[in-house]
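Report on one structure; see the data block that follows.
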Amino acid sequence: MSVTYTAVLDVKRSTAEDVARLLRDHRIAAGTRKGRRALGCFRQAVLVLRWFIDGTRLSQLARDNGLSASTAYRYLHEGLTVLAAGAPDLATVLEHAKAAGLTHLNLDGTVIRTDRVAAPGPNGAELWWSGKHRHHGGNVQVIATPDGWPIWVSPVRPGREHDTTCARHHGLIDALNRTAAELGMPTLVDLGYENVGDGFRHPVKKPAGSELTEAQQTYNKVIRGIHGVCERANSLLKTTFKALRRVSLDPSRITKIAAAALVLLQIEHDRTI
């Protein structure tokens, strides 16, 4: 049974057409001859979008398109690779933020739930287990504009790692501190990034055995109020794409899934910064 575009009504048809154009360009670059694929570019785009938006299982996608499970899997991951290739790198994002005259950036981590993966970490602990969230998952760092629009997503790190550890691994701490020093564009964060540099603004932590001053309490309200908008970025990605709510594939695939989701969001809303 062939499934048409009506299966992905939650996005504009133009989004599916844009994805199809990217797939077509990829096929041309790869030298794929016409008539050698079971699905045309548009039907492959619909397959990818159904998986992203509705969380349709690969077995169902295979049946609906008259494909073998292995072919549906290959088509999906080809789509992920093509979309993820369009995600901007950190340096480009910071240049665009500078050109747009943004007053500040927001940074927040999100743990994308995964199925259990038997991968031992340090001291025998499970590598992908997040003690904070009490489930398996991968940590992705998200940079957003002042109004909470996501503009960059990091490669995935194991869910057991702290946000600061992940940010350092990706070079975010140095890059964002440098951006603040050179451009006067600080990054707002929560207390999970405490004391990582002068380029970051986070609430003042309550001292042990004492209370915050009135000025500190006021400062915290302002910082939390402004940074709270950043939660929209992670929420927007996860509410738009069911594929980001729980990943049943290899957790390392989250890197391409998150990058592809960012590109799809930008295509759908015709917005980068």
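At a Förster distance of 22 Å, what's the computed FRET efficiency of residue 269 paired with residue 10, Cβ-Cβ distance as r, to 0.05?
Plugging the Cβ-Cβ distance into 1/(1 + (r/R0)^6) gives 0.95.
Mean Kyte-Doolittle hydropathy of 0.0 or higher plus an axial Cα length of 18 Å or more: which whole DSSP H helices in the chain meet both?
Correct list, ordered by number: 69-84, 254-269.
Please give the per residue volume of the convex hull enclosing the alpha carbon atoms of the chain, rounded to a whole number of Å³.
For the chain, the hull spanned by Cα atoms encloses 144 Å³ per residue.
With springs only between Cα atoms under 10 Å apart, run a GNM on the chain and tell me which of 261, 243, 181 wobbles the most.
Maximum among the listed residues: 181.
Under 28 Å from the Cα of residue 256, which lysines turn up, not counting those fewer than eight places away in the same chain?
12, 34, 98, 132, 238, 242
Report the Cα centroid-to-centroid distance between the stretch 211-238 and the stretch 108-158 in angstrom, as an integer.
About 21 Å separates the Cα centre of the stretch 211-238 from the one of the stretch 108-158.
Over the heavy atoms of residue 194, what accessible area does a 1.4 Å probe trace out, to the nearest 10 Å²?
70
Taking N as the number of residues in the stretch 100-249, what value does Rg over Cα atoms divided by 2.2 N^0.38 Å take?
1.11
Can you give the charge dipole size of the stretch 137-254 about its Cα centre, rounded to the nearest 20 debye, using +1 on the beta carbon of Lys and Arg and -1 on the beta carbon of Asp and Glu?
About 520 debye.
FRET efficiency for residue 68 and residue 90, Cβ-Cβ distance as r, R0 = 25 Å, nearest 0.05?
The calculated FRET efficiency here is 0.05.
Ignoring ligands, DNA and RNA, please state the percent of accessible area on the chain from carbon and sulfur, probe 1.4 Å.
So the carbon and sulfur contribution to the accessible surface is 51 percent.
Among DSSP beta bridges lying fully in the chain, give the percent that are antiparallel, nearest 5.
75
What number, rounded to the nearest 500 deg cm²/dmol, is the helix-based mean residue ellipticity at 222 nm of the chain, given -39500 (n - 2.57) per DSSP H run of at least four residues and division by all its residues?
Value at 222 nm, helices only: -13500 deg cm²/dmol.
Can you compute the modelled spin-label distance between residue 57 and residue 191, with each label point 7 Å from Cα toward Cβ, in nm?
Each label point lies 7 Å from its Cα, and together they span 4.3 nm.
What is the stretch 1-121's relative contact order, in percent, from Cα pairs under 8 angstrom and six or more apart in sequence?
Reported as a whole number, the value is 27 percent.
Heavy atoms only, 1.4 Å probe, whole protein assembly: order 240, 103, 110 by accessible area, highest first.
Accessible-area ranking of 240, 103, 110, largest first: 103, 240, 110.
Given +1 on the Cβ of Lys and Arg, -1 on the Cβ of Asp and Glu, and no further charges, what dipole in debye does the stretch 76-199 carry about its Cα centre, rounded to the nearest 20?
In total the dipole reaches around 340 debye.
Could you tell me which of 66, 26, 15 has its Cα farthest along the dipole of the stretch 10-123 towards the positive end, charges placed at Cβ (Lys, Arg +1; Asp, Glu -1), taken about the Cα centre?
Positive-most Cα among the choices belongs to 66.
Could you give the dipole magnitude of the chain about its Cα centre, charging the beta-carbon of Lys and Arg +1 and that of Asp and Glu -1, in debye to the nearest 20?
1220
Give the accessible surface of the stretch 119-273 per residue, rounded to a whole number of Å², with probe radius 1.4 Å and ligands, DNA and RNA excluded.
About 48 Å² of surface per residue is accessible.
The values are calculated or read from the model by the stated rules, or taken from the named source; none is laboratory data. Worth saying up front: this structure is predicted, and the values here are computed from it rather than measured. Neighbour counts are summed over all protein chains in view; Cβ atoms, including those assigned to glycine, are modelled from backbone coordinates with ideal geometry. Ligands, DNA and RNA are stripped out before the accessible areas are found, and what is left, the full protein with its side chains, is counted by its heavy atoms. Shrake-Rupley method; radii C 1.70, N 1.55, O 1.52, S 1.80 Å.
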